[in-house]
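Computed from the coordinates by the stated procedures, all read-outs in this text should not be read as laboratory data. These numbers were taken from a predicted model, which means no experiment stands behind them. All Cβ positions, even for glycine, are placed from backbone atoms using ideal geometry, and neighbour counts span all protein chains on display.
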Amino acid sequence: MVDNRQQWKAWLYLAPAIVLLLIFTVWPIINTVVMSFMEGYSGLLKAGGQASFSIGVNNFARVIGQPTFQQSLKNTILLCVLTVPISTVLALLIAVALNSIKVFQKGLQTVFFLPYVTNSIAIGMVFAAMFNIIGNIGTRREVISSYGVINDLIRFISGNPNPKNYINWINNGSDYWANMFVMVVYIVWNALPFKILVLLGGLQSINKQYYDAAKVDSTPRWRVLTRITVPLLSPMLAYVVITGFIGGFKEYTSIVGIFGENMGPAHAPGRMNTMVGLIYDSLEQNKQGEASAAALILFGIILVVTMINLWVSKKKTHY
Amino acid sequence: MSENTTKIMQARDMKKKGTTQKVGKVFGLIGVYAFLLIMAIIVLFPFYWMLISSLKSLAEYRLSPPTFIPRAFLFSNYIDAFTTANLGRLFLNTMYVGVVSTLLSLVITIFTAFAFARLEFKGKELLFAALLATMMIPGELFTITNFSTVISFGWLNTYTVLIVPFLVSIFYIYLLRQNFLQIPNELYLAAKVDGTSDFKYLWKVMVPLSLPTLISITILKMMGAWNSYIWPRLVANDEAHRMITNGLRNAFTTTSGDVNYPVQMAAVALVSAPLFLVFVFLRKYIMSGVSRSGIKG
Amino acid sequence: MKKLLSILLLVTMLLSVASVAVAEDAPAYDGSEVTISFYNTMGSNLTPVLDAYIAEFNTLYPNIKVEYTSVGSYDDVRDQISKEIPEGIQPNMAYCYPDHVALYNLAKAVQTLDAYIESDAVITRADGTTEVFGLTDEQKADFIEGYYNEGKQFGDGLMYTLPMSKSTEVLYYNKTFFDANNLSLPTTWADLEELCKKIIEIDPMAIPLGYDSESNWFITMCEQGKIPYTSATAPHFLFDNAEAKEFVKMFRDWYQEGYLTTQSLYGAYTSGLFVSTSDIKSYMSIGSSAGATHQRPAKGADGSYPFEVGIATIPQMDAANKKVISQGPSLCIFKDANAQEVAASWLFAKFLTTNVNFQAEFSMASGYVPVIKSVNQNEVYAEFLNSADGGDYISALSAKVCLEQADAYYTSPAFNGSSTARSQVGPLMTKCFTIPDGSDVDGLVDAAFADAIAECEYSIGW
C-alpha cells in the first residue's frame, strides 16, 4: 500500500517535468491526432480561409494507399531489425574493452570522444567518398574515375587488382541488399559513439567488488563479460536497445546523406525511402493532415515493438 | 548469481591451467588493443574528414575522386571563417543556451528519474509507459504546434524559446532512471532506516553514484545545443540570438546556393575546439568511475 | 422575359467581377513610419551591397525601415514562410521561386501587384523629388520580358512577383581543347551527338558532356520541342506523351554510349568532372550561369589556368524556337492589414528591381544577371562585361552569354503540384537512362513515365 505522503512527494518531484511536457509534448500530440482526422488538412489552406475540413479516416487511407508506402515500411523495419543488435553488441564490446585496458587507456578513450565534437555535416559527407563509384557505371562504354575507398580496400585485401573486382554498393544498377548493407554500416557507425558513451557510464556505476572477486578467481574475460558485466549492465543495455529501436524507426537523414534527395540509386529512385521520409514529403507540401496520419501509423508500429521490447527486458533485466 | 559456486569452479580450473591462461591473456590483450584500434580508426574517420576538408580549397573540395590529403594546406580558411561569420557572438549565444539548458535540464531529469526509480505512486508504470510513447512520434510534427504555442507566449527571438521547450527529455530521464535502478535497493532501505530524507539521499548518494551518466547527459545536451538547427532557425533567427549551426550555414552560402564547405568546416572546427577541451576534462570523471568504498553492494 | 433575366444576370456577374478587380486597389505610400521585413538567401558576400542600397533608399524614404534576414537556402525560406503564414507573422516581402508562390497561394497570402504596377499616383520623396508610385511605361519596357512574365505564370494572368536577379543554363566548354582540335560549337542536339562522337575519337577516356540538373533538362526539352509538360489548369500533368519519351530514349542511348552524364548518374559534381586534370574528364558542361566560378579549373603552380573555358548557349531542338530556362530569385510581397507596409514594400521591391546601380553592383557580386536592360549602359557594368574572359573574369563571360539569350527565356506554369512535377521528372530521366541494353526499353520507359504521373496525381489528388 502506497501511503499518501509519498504519493504527494512523488508528484512534487515530477511536477516541473509534467508541466513542461503538458505544454510542449502532450498538447502537440493531441493536435497531431486532431489533424490526422481532418481530411486534407493544411495550415496554409486554413489560413487561406478554408474554415472546415471534413472529419474522417481519409488521411490514413491516403498514406497507406501511397505508391511507395509498402516499400518505405519494409525499409524502415529492416533497417531497425538489422542495425540495433549489431550496434549494441559492438558498442558493448568497445565499452568493455576501453574499461579494461591500462596502457594507452587515456589516449584511446580520448579518441572515442572525438566523434562528439564532429559536426553532423562532416559525418554525412564522408560516406560518399567511401562507397561511391564515380563514373558512368553499367553503360556500354564504362569510364570510371573512382571505385571508392572500400572497393580499393577489397582489391587490396583480396590480392586481386583487376578493376572488375568491385562491388556496386550504391550506384546505378546496384542491388537492393548492397544498398541495405551500406545503410546498415552507416547507421551502426553513426550510432556507436552514443552507445559507447552510455554503456561506459553504466559500467562505471557497477560495483567494483564484483570485478575484484573475479580477479581473485582469475575468471576468463569472456566469462566476466557474460556472467557479470552483461547482467549488471542490463538496465543500460535495455535502454540502448529500446531507444535504438525508437530511433531506428525514425531513420531518414541517414538515407538522404547517402542517396541524396532521390532516396535511392539512379536506376531506382525512392527505393530506400522510409516512413519518416513520407512524413517529410507531406510536410513539404504543407499537408499536415496526411503527415499526422503517417506519424500516427508509425507511432502504432513503434508502440507494439516497444511493448515487446519492454516485456522481454522485464524478464531479462536484473534490477 | 551465486558467487560461491563460481569461486569454487574457478579455483579448480586454476590449478590446471596456470600457464595456458597467461599465454591466453597476452593474446587476449593484443586482441583487445587491435579491436580498439580498428574501431578507433573507423569512428574517427569523419573527424579526420572535417579537419582535412577545412584545409582544402573549394575547387579541391569539389574534386572527384576526393583527395585524402589536401594538395595545399589552406590555413587561410580559418582566417576567412573568423572574418566572414560573427563567430564570437554565435559562440557566446550557443554557449549561453547550452550551459543554461544543460543545468536546468539536469535538475529536472534528476528529480523525474528519481521519482520513477525510487518513489512509489499510483499509476507509475502507466505514466512511464506514456512518457516512453511520446518519444515515438516523430518530432517534426511537434514543431508546428510548438511554434504556435511559443508565438502566443510572445517568446519569438528570445533565449527562453531556445531553452525552455526542450528542458524535459524523456530520453535522458529514461537513461538516468536506468542508472538509478542499477544502484542497489539496499542502500535506499538502509538510508530510510537511518532516517535520511529522500531529498538528502538523492543528492548525497544517488547523484554522486550516477556521475558518469550525468556527465554523459551533459555532453549530449551540450552537443545538442551545438548541432541544433531547425528549431532555432524557426524561432530565433535574429542577430542577437542566432545559434552556431544556423549562423554557420548561412554565412558561407554563395549566391548560387552552394556552400563554401571548406571555410564552413574551418569555422566548425574553431567553435568546437573549446568544447573538445571541456570534454577531455570531463572524460576523466566518466572513466575514473566512482569510488564505492564504504558502500556495501 | 427569360432573355431579359439572363442578360440581367450576366450584367450583375460582370459587375461583380469588375468590383472584385477594383477592390484590389493600391493605396500609395503616404510617408508614414513603417518597418518592413524582408527574407532572403543572401550570404555575407551580398549583404554589404544590400546594406549600401538600403541606406540610399532611406535617403529617399527615411521613414521606411528595412529589416532583412538571411534565412538560409531557397527551400529554407519557403519552409519558414509556410510555417509563419498560418500564424500571421510572415515577412512583408521575400525571395521566391514560382513554386513557392504557388504554395503560399494556398493561403491566398501573396499580394497581387497589378494595381501597384498600374498606379499613377505621384509621391514626393524626402529630397523633394517625386516619383510615380507604380511602374512607368519606360520602367515596364526596361525589364527583360521573359523575366518580367515569370510574375504572371500562375494561371490567372495576375502579376504576383517581380524578378530580382536571374540566371540561366549555359554550355561551358574547354576552349583550349576545342581550338586545338578544330571542333565547332553545337547549336542543335543533333550537332551535339556528332560532336560527342568526335571527342571520343580524340580522347577515348572522355565523357564529353556533363549536365548538372536532370529536371531542368527535361523541362527545357519539352519547351524546346513544344512538347506538353504541365498546365496551370487541370489536367495538370501532361508529360506522359510520345514526344517526351522519344527524347528521353534518345538521351538514354547517348548515356549508354558514354556521350554524357548527369550529377546523380556520375556520382559527383559534373563541374568537378569538367575541371578535372586527371585522365577522365568532360569537355563540355551544362550548368547554371551563376555558378561559372565552379566551372573554372584551379590555377596551376605557375599561376596560369590549365585550360581556357568558353561559354556558349545550350544546344536547341529547333533553331527557330530557342528556349532556355530562367532561374534565380524573384520578389513577392505578402498581404498585410497595414496597407502602408504593403505600399512601402512595393516601393522597396521596385527600388531593388529598377535601380540601375543596384542591379549592376548586385549582379557583379552575385554572378546572377540584372533583370533590366538599361544596366548595360551602366559604365561599371559595361566595363565588367568587357573584361569577360575564360579565366579570371569568367563570371562576366557567363553574364554576357546569359544576357545574349534574353529572348529565349520560357516560364512553366506554377500551381499547387508544380513542384512535385519538377521533382519527379529528374529521377524519371535517370531511371530511364539507366535501363540496360537488352531489356524491354520501351516497356520500362512507359512504366517509368506512368509511375511519375501517378506520383504527381497522388500529390494533388483528393
For peptides C:356-367, C:121-132, A:103-114, sequence by mean Cβ density within 10 Å, most packed first: C:356-367, A:103-114, C:121-132
Neighbourhood net charge (13 Å Cβ-Cβ; Lys/Arg +1, Asp/Glu -1) for C:Lys175: -2
Label-point gap, in nm, between A:Val89 and A:Trp27 - each point 7 angstrom along Cα→Cβ: 4.6
Dipole of chain C, positive end: most advanced residue of C:Val401, C:Ser73, C:Ser285 [Cβ charges, Cα centre]: C:Ser73
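Which net charge results for the neighbourhood of C:Lys65, defined as the other residues with beta-carbon distances under 14 angstrom from its beta-carbon, given Lys and Arg at +1 and Asp and Glu at -1?
Residues close to C:Lys65 contribute a combined charge of -4.
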Approximate spin-label separation C:Asn63-C:Asn149, in nm, with each point projected 7 Å along Cα-to-Cβ: 4.0
³J(HN,Hα) computed for each position of region C:134-147 - Karplus, 6.51 cos²θ - 1.76 cosθ + 1.60, integer Hz, glycine/proline x: x, 9, 6, 4, 5, 4, 4, 6, 6, 5, 5, 4, x, 5
FRET efficiency, 1/(1 + (r/R0)^6) with R0 30 Å, evaluated for B:Ser76 and B:Tyr96 via beta carbons: 0.50
Charge context of C:Ala360, other residues only, Cβ under 11 angstrom, K/R +1, D/E -1: -3
Tensor-based shape of chain A (alpha-carbon gyration tensor, a/c under 1.5 rounded, otherwise prolate or oblate): oblate
Stokes-Einstein D (µm²/s) once Rh is taken as the Kirkwood radius of the protein assembly as shown over alpha-carbon pairs, at 25 °C in 0.890 mPa s: 76
Förster radius 51 Å - calculated FRET efficiency between B:Leu103 and C:Asp389 (Cβ-Cβ, nearest 0.05): 0.30
Gyration tensor (alpha-carbon) shape descriptor, region C:164-246, a/c threshold 1.5: prolate
Highest-fluctuation residue, A:Leu199, A:Leu12, A:Leu92 considered, GNM on chain A with Cα pairs under 10 Å: A:Leu12
Size of electric dipole in region C:23-179: Cβ of Lys, Arg +1 and of Asp, Glu -1, about Cα centre, debye, nearest 20: 360
Lysine pairs meeting the criterion (Cα under 22 Å, 8 or more apart or interchain), as found in region B:80-288: 6
Label point distance in nm, A:Ile77-B:Asn227, each placed 7 Å from Cα along Cα→Cβ: 2.9
Nonlocal amide H pairs with C:Lys166, under 5 Å, H built at 1.01 Å: C:Val369
Selection from B:Asn246, B:Leu277, B:Tyr159 lying farthest towards where the dipole of region B:80-288 points positive, charges on Cβ: B:Leu277
Proximal lysines to C:Lys140, defined as alpha-carbon separation beneath 25 angstrom and excluding residues fewer than eight positions away on the same chain: C:Lys152, C:Lys166, C:Lys322, C:Lys323, C:Lys335, C:Lys350, C:Lys373, C:Lys400
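Label region B:80-288 by shape, choosing from rounded, prolate and oblate, from the square roots a ≥ b ≥ c of the eigenvalues of the Cα gyration tensor; if a/c is under 1.5 it is rounded, and otherwise prolate applies when a/b is larger than b/c, oblate when it is not.
prolate
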Mean Cα-pair separation over length for chain C, i.e. relative contact order, pairs under 8 Å, 6 or more apart, %: 23
³J(HN,Hα), Karplus 6.51/-1.76/1.60, whole Hz, each residue of region C:282-293, x for Gly, Pro: 10, 10, 9, 8, 9, x, 5, 5, 7, x, 4, 5
Helical segments meeting 27 Å axial Cα length and Kyte-Doolittle 0.5 threshold in chain C (DSSP H): C:2-23, C:441-460
Relative contact order, percent, region A:129-247 [alpha-carbon distance under 8 Å, six or more residues apart]: 17
Relative contact order, percent, chain A [alpha-carbon distance under 8 Å, six or more residues apart]: 28
Average beta carbon contacts from partner chains per residue of B:107-116, 10 Å cutoff: 4
Alpha-carbon Rg/Rh ratio, for chain C, with Rh computed the Kirkwood way: 1.01
Nearest-20 debye value, region B:80-288 charge dipole, Cβ charges on Lys, Arg, Asp, Glu: 380
Most positive-pole-ward Cα, A:Thr68, A:Val103, A:Ala291, against dipole of chain A from beta carbon charges: A:Val103
Net dipole in debye of the protein assembly as shown [+1 Lys, Arg Cβ; -1 Asp, Glu Cβ; about Cα centre; nearest 20]: 7300
Cut-off under 5 Å, modelled amide H: who pairs with C:Ser276 long-range: C:Ser282
